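The values are calculated or read from the model by the stated rules, or taken from the named source; none is laboratory data. The shown structure was predicted, so the numbers you read here are calculated from the model rather than taken from an experiment. Here the Cβ is made from the backbone with ideal geometry for all residues, glycine too, and neighbour counts use every protein chain on show. Surface areas here come from the heavy atoms of the whole protein model, side chains and all, with no ligands, DNA or RNA. Shrake-Rupley method; radii C 1.70, N 1.55, O 1.52, S 1.80 Å.
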Amino acid sequence: MLGCGLFASVAMARTETPLAHSQFHVELGSALSQPTSGRLLLFATDAKAAMAAAKDGKVDEVDASPFSGAKASVAAREISRLAPGQGVDIDVDALAFPAGWSQLPPGDYLVQAVLDVDHNYNYTGRGAGDLISDVVRMHLPAATAPTLQLTRVLPARAAWTLSPTAPEAMRTALPQARSRTKSIDFVSPSLSAFWGRPIHMRGWVLLPPGYDAKAAAHYPVVYNTHGFGGNVDRFTGGIVGTWADMVDGQMPPMIWVFLDESSATGTHEFADSVNNGPWGHALTTELIPQLESRYHMDGKSSGRFLNGHSSGGWATLWLQMRYPKTFGGTWSTSPDSSDFHDFTGVDLYASHANVYHRPDGSAYPLVRDKGKVLASFETFAKLERVLGEYGGQMASFDWVFSPRGADGRPMPMFDRDTGAVDPSVVAYWRDHYDIAHLVQTNWPQLKGDLDGKIHVVVGTADTFYLDGAAHKLKAVLDGLGAKSDFRFLPGKTHFDLLTQGKDRTALLKQFTWEMYAVARPGSTLKRAAAAP
């Protein structure tokens, strides 16, 4: 991603013969106080194109993302220890995307180094504690190894910070919303036993207007979790918006529990996993009982609801299917693939399945916007591999769904070089996590507690092609004669699904009233008229 700001320009000594294998030298600034380690990433992009695209022609960040139009090259290596004033060499042809840098066309480039100290670049990008260099303009290929200096430590993001585009009404509501929000920091016995160290479950409890700990009134509860890239610090907008909507009568009074499903391996999906541990068990038998003992929650199935988007959509769909007696309904939007016959467009069960290429050799797309393909499955996966082994979307699926290999790590569902699918791993995925398969197989046991509780909403232009799997899950449920609610919204994408007119959460408001009708079937409470 290209930002705005200043870049540094340095003159490079050059000879007639460039290096055959491109090397860079990266130093840790002597002004920094202590040794560090992490994954060293180098980014390069065409200088002319980047400056033309940036405001005022100024660039202070060079990044690579399948969602942006920026065409950046990335190289990486692991750093076990780097002390202030010391340097390391990085071969930018050894581990690089989309190819080794010696293949870059000769020309002027903007280059930046980042040391990802927490190995979470694939999940959150550069963030607190990461070390970065200036953006440096240089000619490539270079005759001698260019040197970059890591001179700046990125600061932590301030807590309870709204997006710069948040409306004034939300900024006004923030202090009161914050005062009504309680932190969750619960050490799970079962997860701690699995990992051999204390494992914290984190999140927030938002109490509705009128909540009084001394009164007898109890409230329905919405358990909400985020999508891929979210974490406990990124709920602020949702919390404040939900509070303001309850105050204005746009949402009914309910307790909201915002659950963090992020981990070092991506999103754990609140699924019990041989790799991540028993997150579903911990939620349903440990955390929820603890919350219900502390707050005035209904404490019964008809008063517990689920809501989440994308990976959070899959997590909530999974929780409803896996624990149908616990929850009274899920409203899951744009969930990750719930039927592995359509894993973002790929049939994982097909003979000789390959996530990179169709049988005719054409590429499987993975990311689209307004009909334009932004990234193929192969592009997405290979960029992720260079950015790091942990926390990426594809690796996250393996950590949740895959069996553990002989090396103690999850077995990859597909070969990152070729895209070839491992049928033995997919068979494990099917038997343990294919929601459509599990519902169909276990419907006689599930029907009494699950029938009518599944609500899925997805756009027909979903950015990640997730509408396909939703159609297949609907077909399975329809074939079983199940009661379910599937809504396919014409032209809606992954990112504008909830929007109606100028209201970016219009559909979420509607969901809450549908939930409330289940929890309080005799209530005469109605939604207030929206402000003009």
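Below, the figures for the structure above:
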quantity: Cross-link table Lys483/Lys526; Lys300/Lys483; Lys300/Lys474; Lys71/Lys502, entries beyond 23 Å C-alpha to C-alpha; calculated: Lys483/Lys526; Lys300/Lys474; Lys71/Lys502
quantity: Efficiency of FRET between Gln23 and Ala406 - r from beta-carbon atoms, R0 51 angstrom, step 0.05; calculated: 0.90
quantity: Dipole of the chain, positive direction: furthest Cα of Ala271, Thr326, Leu174, with charges on the beta-carbon; calculated: Leu174
quantity: Shape category assigned to the range 264-397 from the gyration tensor of Cα positions, a/c cut at 1.5; calculated: prolate
quantity: Aspartates and glutamates with Cα under 16 Å of Lys48, excluding same-chain neighbours fewer than 8 positions away; calculated: Asp56, Asp60, Glu61, Asp63, Asp108
quantity: Cα gyration tensor shape of the range 139-296, rounded if a/c is under 1.5, else prolate or oblate by comparing a/b with b/c; calculated: oblate
quantity: For the range 444-532: rounded, prolate or oblate by the Cα gyration tensor [a/c cutoff 1.5]; calculated: oblate
quantity: Angle in degrees between helix 377-387 and the longest Cα principal axis of the chain, rounded to the nearest 10; calculated: 70
quantity: Protein-only accessible surface order, largest first, of His471, His309, His226 at 1.4 Å; calculated: His471, His309, His226
quantity: Per DSSP, loop trypsin sites (Lys or Arg not before Pro) in the range 156-214 with at most 15 further Cβ within 10 Å; calculated: Arg157, Lys214
quantity: Alpha-carbon centroid distance for the pair the range 506-532 / the range 347-411, whole angstrom; calculated: 39
quantity: Length released on extending from Val88 to Ala363, taking residue separation times 0.36 nm less the Cα-Cα span; calculated: 95.3 nm
quantity: Length added when fully stretched, Arg157-Asp56, from 0.36 nm per residue minus Cα-Cα; calculated: 33.8 nm
quantity: The range 284-310 and the range 107-152: distance between their alpha carbon centers, rounded to Å; calculated: 44
quantity: Stretch gain in nm, segment Phe67-Ala213, where the contour uses 0.36 nm per residue and the Cα spacing is subtracted; calculated: 48.0 nm
quantity: The chain - accessible surface per residue (Å², probe 1.4 Å); calculated: 43
quantity: Listed residues Thr36, Ala75, Met251: farthest to the positive end of the dipole of the chain (Cβ charges); calculated: Met251
quantity: Sequence of Met413, Met170 from largest to smallest accessible area, 1.4 Å probe; calculated: Met170, Met413
quantity: Coil-residue trypsin sites (Lys or Arg not before Pro) of the range 424-496, DSSP, other Cβ within 10 Å capped at 14; calculated: Lys483
quantity: Estimated dipole of the range 178-240 in Debye, rounded to 20 [Cβ of Lys and Arg +1, of Asp and Glu -1, Cα centre]; calculated: 100
quantity: Nearest-20 debye value, the chain charge dipole, Cβ charges on Lys, Arg, Asp, Glu; calculated: 1520
quantity: Cleavage-rule hits (trypsin sites (Lys or Arg not before Pro)) in the range 302-396: DSSP loop, at most 14 neighbouring Cβ within 10 angstrom; calculated: Lys325, Lys370
quantity: Heavy-atom accessible surface of the chain: percent carbon and sulfur, 1.4 Å; calculated: 54
quantity: Residue order for Arg126, Arg409 - accessible surface, 1.4 angstrom probe, largest first; calculated: Arg409, Arg126
quantity: Under 5 Å, built H, 5+ apart or other chain: amide partners of Arg304; calculated: Val221, Gly328
quantity: Selection from Phe414, Leu387, His432 lying farthest towards where the dipole of the range 349-460 points positive, charges on Cβ; calculated: Leu387
quantity: Crossing angle, helix 506-519 versus the chain [Cα axis fit, 0-90 degrees, rounded to tens]; calculated: 40
